[in-house]
Amino acid sequence: MKILIKKGKIVNSKERKPRVADILIDKGKIAKIAPQISCEGIEKEINAAGKIIMPTLIDMHVHLREPGREDKETIETGTKAALAGGAATILAMPNTEPAIDSREAVKLLKEKLKEKAHSNVLISAAITEGRKGKKLVDIEGLAQEGVKAITDDGSSVDDSQLMLKAFEQAKKNDIIVICHSEDRSLSKKGVLNLGFSSTCLGLRGIPKSAEFERVARDIRLAEEAEARIHIAHLSCKESVEIISQAKKRGVRVSAETAPHYFSLSEEDLWDFDTNKKINPPLRSRDDALAIKQALREGVIDLIASDHAPHTENEKDIEFERAEFGTIGLETELAVAVTELIEVKFLDWPDLVNKFTAKPAEVLKIPEPEIKEGRKAELIVFDPKKEWVVEKNNFFSKSKNSCFLGRKLKGKIERVFYKGRFI
Ligand code: DOR
Ligand code: ZN
């Protein structure tokens, strides 16, 4: 089947200047890119004038919740949400019930994915059995099973000696360790950032030190083991500074942030909206700006959603009792465009870099690109379309978006994946 996409503006992370061209897709592959293509047997022609054509995204921080919490999300709904949000490849987090902490658990998950996944799903496994922080998983066995990363995401491994061993094993097996940076002895029972807002609202605060002290420790341990480390969901200025210094020393560290950390701040919690209760918490405006700057400077390498679905029962309750987390798959691109491109903070190739080339580099997989001969996996994006985030329009089973009601600029029009437009 031949499909022709006419006159779209093609953005790849490696090309500094986006170019307007036609794209011919034949049998699911990009057959030709040229200023003007006309050929026989076109079955579908799409006028993409004024639209951005970019590769599909890699989102390396997604909670699919299966097995065990299918009331929040399933492989089916989560991967549909991923594709709707433009992510054809996602990394599934292992804090399921039970946790993905053994070869058997990975094998079972692979079976389920084969049957139910609509997008490409990579697997990460826990660092410790049951994510309890006591005993390391069989890192070698899991690496042989094709696991892309290990992480106890949702919590941090408190035992430094155990964590050092994890880094050593990870290095031996060429696997990356993703760190959820939180010192629970500091975050305790906090529910939002410690500061002016927590004082005014009378809620228990989480100090920034709970994050950056753990970032510093994990980087030191990774450095000692000469292992690769990836810091998940960065939220504050001090963590950025620590990572910047480590990169200058040559530590093999990469870092991600999520759209809410550069587009919202603790002031947004004055409405007590539990969808904005996230861990790590939304910080100050100053921190949000530091996160943006770190993205621009490359200290923070990439953007991931930290898609964390929770049911209405777990969210529509008092702030202190609500679960931590927001969904993000279906809004991440538009939020990033609104907050970073519209205000001219980043340009298109840089933004695409943070959603494609960088996560590909961290996970050691091929970079998605719009290039002749490559599989046609692309997004047709309308940069002018304004829309409001609404509960009823999500593919995700849970609707706990911190962006509900927010007006965004730019919308995914179609996603081409596995030989068809979705
Ligand atoms: O807000 C969060 N939700 N942060 C985490 O680290 C875990 C996640 C979840 O699994 O719900
Ligand atoms: Zn997470």
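Taken together, the values in this text are just the output of simple stated rules run on the coordinates, not laboratory data. Worth saying up front: this structure is predicted, and the values here are computed from it rather than measured. Note: ideal-geometry Cβ built from the backbone for every residue, glycine included; neighbour counts use all protein chains shown.
Given 37 °C and 0.692 mPa s, compute D for the chain with the Stokes-Einstein relation, Rh being the Kirkwood radius over Cα pairs; round to the nearest whole µm²/s.
151 µm²/s
Among the helices of the chain, those built from whole DSSP H runs whose Cα atoms reach 20 Å or more along their own axis and whose mean Kyte-Doolittle hydropathy is at least -1.0 are 209-225. Relative protection proxy for 51-57, 143-149, 357-363, 382-388, from highest mean packing down: 51-57, 357-363, 143-149, 382-388 (other beta-carbon atoms within 10 angstrom). Spin-label pair PHE421-LYS2: with each label point 7 Å from Cα along the Cα-Cβ axis, the two points sit 1.7 nm from one another. With coordinates expressed along the principal axes, the C-alpha atoms belonging to the stretch 215-349 extend over 45, 34, 25 Å, beginning with the largest. Relative to one another, the C-alpha centroids of the stretch 265-283 and the stretch 204-239 are positioned 21 Å apart.
Applying 1/(1 + (r/R0)^6) with r as the Cβ-Cβ distance of ASP316 and LYS407 and R0 = 22 angstrom yields a FRET efficiency of 0.40. Beta bridges assigned by DSSP with both partners in the chain are antiparallel in approximately 45 percent of cases. Legend: residue pairs LYS189/LYS276; LYS277/LYS354; LYS248/LYS407; LYS9/LYS116; LYS29/LYS114; LYS132/LYS171, Cα-Cα distance threshold 28 Å; pairs beyond threshold, LYS248/LYS407; LYS9/LYS116.
Only alpha carbons enter this Debye calculation for the stretch 137-187, each as an equal point scatterer, and the log10 of I(q)/I(0) it gives at q = 0.21, 0.25, 0.30 Å⁻¹ is -0.73, -0.95, -1.22.
Thinking of the stretch 1-98 as a set of Cα atoms, what percent of all their pairs are more than 23 Å apart? Write out the running numbers ahead of the final one.
Values: 2100 of 4753 pairs.
Taking all Cα-Cα pairs of the stretch 1-98, the fraction more than 23 Å apart is 44 percent.
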